[in-house]
Structure formats: structure tokens, C-alpha cells
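Quick notes on the structure that follows.
The values are calculated or read from the model by the stated rules, or taken from the named source; none is laboratory data. Nothing here was measured: the structure is a model prediction, and the numbers come from that model. As a convention, Cβ positions derive from the backbone with ideal geometry for all residues, glycine included, and neighbour counts pool all protein chains shown.
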Amino acid sequence: MRRLLLAVVLILFSTSAALAAEARIDDVRVRYGSGLTASFVVKGAFTKDIEEAINSGLPTTFTFIVKLYRKNVLWPDEHMGTWSFNHTVKYDALKQEYVVDIEEKNRREKTKDFERMKTLMVTGDEIIISPLPALKKGETYELKLKAELDTVDLPFLLKYMFFFVKLWDFETNWYVYRLSL
């Protein structure tokens with residue numbers, strides 16, 4: 001019995017580790033004109049289990065974290081700001097549509113197309129880094145990006161029925177983008 005329990009635990013944790021290893025930030029574009037904006041896509045964020053959870057009506061949230069640092073040579077880097085925002089999806093089985101809340105755009109989009117929902121969930125498009133920190137010419141900066149999948153907090157009794165949901169949580173490694181003005 002102990003061996004069986006140990007085998008199940010190892011399989012579940014290895015599955016969780018595999019999810020974290022696959023998801024990554026990609027296609028990063030940063031623009032600095034009248035303001036600082038960033039665009040990116042999270043690749044490998046959806047697994048079969050996550051897709052099934054969404055289709056069963058379980059609200060799912062992707063949290064994106066953006067940090068900005070001024071690079072220093074002799075001193076530690078200067079942290080200039082942290083921004084975080086969520087993309088949350090909930091499937092409405094009666095209407096057979098996905099409702100996606102895109103926090104940074106203060107927008108809610110409804111779609112019946114599963115692929116469109118996935119694109120909305122994993123894409124950060126022209127995210128305004130605000131309030132804009134004072135960036136100086138000749139300085140070097142690092143923009144760090146990270147994505148996390150957070151399953152929602154379920155009511156007390158449902159936590160016991162869906163104990164496995166926390167195993168779907170993942171986070172990407174930090175993606176570092178250097179820019180100089």
C-alpha cells in the first residue's frame with residue numbers, strides 16, 4: 001500500500017513539474033515612445049487537464065507579473081516598479097460560451113470559439129507599463145516577465161472533492177528583456 005501511495009504521489013508531482021517546464025514566455029516585443037509597452041505570448045500553457053477543467057466550468061486565472069529594473073554597475077539594480085494583471089476565463093455551459101476578463105484592458109470578451117479563448121488567455125498585447133517610470137537616455141533597463149496559472153479558491157467542501165486542482169498550478173521562468181534608450 002505504501003509503494004502504491006508513493007508511486008501515485010511521485011506521478012502527480014512529476015506531472016506538475018512537467019507543466020511548469022513546458023510553459024514559457026515567448027514573442028516578447030517592447031516599445032518605448034510616448035510610453036513603455038510590452039507584448040508577449042505564453043506558449044505551452046494549456047494542457048488537456050486544464051482544458052477539461054475550463055470546459056467543466058471551473059474559473060481559471062492566468063496572472064502576469066512585470067517588473068522593471070534600472071541596471072547598475074557597482075550597486076544592486078534599482079527596482080522601478082512591479083505590475084501585475086489577470087486574465088480569467090469562465091465557461092458558461094448554458095450559453096456554450098467562454099467569458100474572458102482581461103484586467104489590464106478592463107475588458108470582458110465572450111466567445112464560443114475555444115481557440116480564441118486560449119489566445120485571449122495567453123496573450124499580453126501592448127500592455128502599458130503605468131505609471132510610466134522616468135527612463136533616462138543612456139541607461140540600461142531590464143523588463144522581467146512571468147506568468148502563473150492560479151486555480152480559483154473553491155468553497156470549503158469542494159476543496160476536498162477537487163483536491164487535485166492545485167496540481168495544475170504552474171509558473172513560467174522569468175523572461176528577461178534588456179533595453180537601452
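Taking residue 47 as the residue in question, decide whether it is β-branched (Val, Ile, Thr) and in contact with a strand residue (DSSP E or B) (Cβ under 6 Å, 6 or more places away or on another chain). Walk me through it before giving the result.
Details: β-branched (Val, Ile, Thr): yes; in contact with a strand residue (DSSP E or B) (Cβ under 6 Å, 6 or more places away or on another chain): no.
Judged against the criteria, residue 47 is not a match.
Among the residues of region 93-113, those that are in contact (Cβ under 8 Å) with a residue 24 or more places away in the chain and touching a strand residue (DSSP E or B) at 6+ places or on another chain (Cβ under 8 Å) comprise 98, 104. Residues of region 107-120 include none that is under 23 Å from residue 179 (Cβ atoms), acidic (Asp, Glu) and either at pLDDT below 85 or in a loop (DSSP other than H, G, I, E, B) (or both). Candidates in region 121-145 are the residues that are among the β-branched types (Val, Ile, Thr) and within 15 Å of the chain's Cα centre (by Cα); of these, the one that is modelled with the lowest pLDDT is 127. Within region 146-172, the residues that satisfy the criterion of being at pLDDT 65 or above and assigned to a strand (DSSP E or B) are 146, 147, 148, 149, 150, 170, 171. Looking only at residues in region 118-142 that are free of Cβ contacts under 8 Å to residues at least 60 places away in the same chain and farther than 21 Å from residue 83 by Cβ, which one is surrounded by the most Cβ atoms within 10 Å (Cβ to Cβ)? The qualifying residue surrounded by the most Cβ atoms within 10 Å (Cβ to Cβ) is 119. Within region 62-96, the set of residues being more than 26 Å from residue 141 (Cα to Cα) and surrounded by 17 or more Cβ atoms within 10 Å (Cβ to Cβ) comprises 87, 88, 89, 91. Checked against (1) part of a strand (DSSP E or B); (2) of a type in the set (A, V, I, L, M, F, W, C); (3) farther than 13 Å from residue 118 by Cβ; (4) without any contact (Cβ under 8 Å) to a residue 40 or more places away in the chain, residue 89 passes all but a single condition, namely (3). Filtered by the rule that a residue be more than 11 Å from the chain's Cα centre (by Cα) and polar (S, T, N, Q), region 23-73 gives 34, 37, 39, 47, 55, 56, 72.
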